[in-house]
Amino acid sequence: MKRTLVIGDIHGGFKALKQVLERAAVTAEDQLIFLGDYVDGWSESSHIIEFLTELSEKQDCIFIKGNHDAWCEDWISLGMSPEIWLFHGGRKTVESYEGYSLEHLDRHLAFFQQMENYYVDPQNRLFIHAGYSSMHGPEKEVYSSNYRWDRTLWETAVSMDKKLARNSELYPKRLLLYNEIFIGHTPTIDLGVGYPLNKANIWNMDTGAAYTGSLSIMDVDTKEFWQSDPLPSLYPHERGRN
């Protein structure tokens, strides 16, 4: 039976990615939706891009672009390496690309350039890295960077009164546009939770793999999920983004 599986922020943790794909018993029939931030943090960013490039040739995959991916794309294409990027995990990404040929880099650049800003499936479920600010949805967003940086959507859901009904005039209009919304970007461990977290109709899949948490993969229909070991245990001699 074909499943649709969504994967949270990986941040260079290739060992964790291999673990969750194995633990979820992923088959070639499954659709995989990645929510972005494949790079920056742990030491295997380039390995992840290489693996995902090959995976996309034999499996139905959708790759959403995260803010860290946009930084990495700018570095590969334009040579831009702002200090803020290097500080927030980019240095490990640069190191992981040492020895790569220009041809190899061009292939990875094409992968970044083909990533989606967001995806809406036939069940009206939105998959996006961070969020959007427009009351009319991401397609009406004025600043495309919000797809990769916006935290207000998640903050709105977290702060909502749990008793608020969807038909209430007070229910946030942005959340009514979709049956469900799947995001990454803001680690659930910030709220003391190490598993995929549901607030209103939003599922946050960033379970802190860049830091002390695990990588998570979820069946979007059943909400069954699987997790890797905590990333510091997989990379005991590294700091990640800690």
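The values are calculated or read from the model by the stated rules, or taken from the named source; none is laboratory data. Everything quoted here is computed from the prediction, not taken from an experiment. Cβ sites come from the backbone with ideal geometry, for glycine too, and all protein chains shown count toward neighbours. Each accessible area value is taken on the protein alone, full model and side chains, heavy atoms only, with ligands, DNA and RNA left out. Shrake-Rupley method; radii C 1.70, N 1.55, O 1.52, S 1.80 Å.
Values computed for the structure shown
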{"quantity": "Residues of segment 202-226 that turn out to be within 15 Å of Ala157 (Cα to Cα) and open to solvent by 10 Å² or more (accessible area, probe 1.4 Å), as a count", "calculated": "1"}
{"quantity": "Matching strands (runs of 3 or more DSSP E) fully within segment 1-100 where at least 1 residues are under 14 Å from the mean Cα position of the chain (by Cα), free of Cβ contacts under 8 Å to residues at least 40 places away in the same chain and under 24 Å from Ser145 (Cα atoms)", "calculated": "31-34, 61-63"}
{"quantity": "So Pro187, is it open to solvent by 50 Å² or more (accessible area, probe 1.4 Å) and not charged (D, E, K, R)", "calculated": "no"}
{"quantity": "Any hit, segment 129-147, residues being closer than 29 Å to Gly240 by Cα, touching a Gly at 6+ places or on another chain (Cβ under 6 Å) and assigned to a loop (DSSP other than H, G, I, E, B)", "calculated": "yes"}
{"quantity": "Residues that are over 15 Å from Asp106 (Cβ atoms) and open to solvent by less than 20 Å² (accessible area, probe 1.4 Å), drawn from segment 64-83", "calculated": "Ile64, Gly66, Asn67, His68, Asp69"}
{"quantity": "Output for segment 170-188, where each listed residue is under 13 Å from His11 (Cβ atoms) and out of contact with any strand residue (DSSP E or B) (no Cβ under 8 Å at 6 or more places or on another chain)", "calculated": "His185, Pro187"}
{"quantity": "Residue in segment 31-56 that is surrounded by the most Cβ atoms within 10 Å (Cβ to Cβ), counting only those that are in contact with a Lys or Arg (Cβ under 6 Å, 6 or more places away or on another chain) and farther than 15 Å from Phe127 by Cβ", "calculated": "Gly41"}
{"quantity": "Search result, residues across segment 148-160 that are more than 18 Å from the chain's Cα centre (by Cα), assigned to a helix (DSSP H, G or I) and surrounded by fewer than 18 Cβ atoms within 10 Å (Cβ to Cβ)", "calculated": "Thr156, Val158, Ser159"}
{"quantity": "Residue list for segment 119-128, restricted to those being in contact (Cβ under 8 Å) with a residue 12 or more places away in the chain and part of a loop (DSSP other than H, G, I, E, B)", "calculated": "Asp121, Gln123, Asn124"}
{"quantity": "Residues of segment 101-130 classified as over 16 Å from the mean Cα position of the chain (by Cα) and surrounded by 15 or more Cβ atoms within 10 Å (Cβ to Cβ), total", "calculated": "4"}
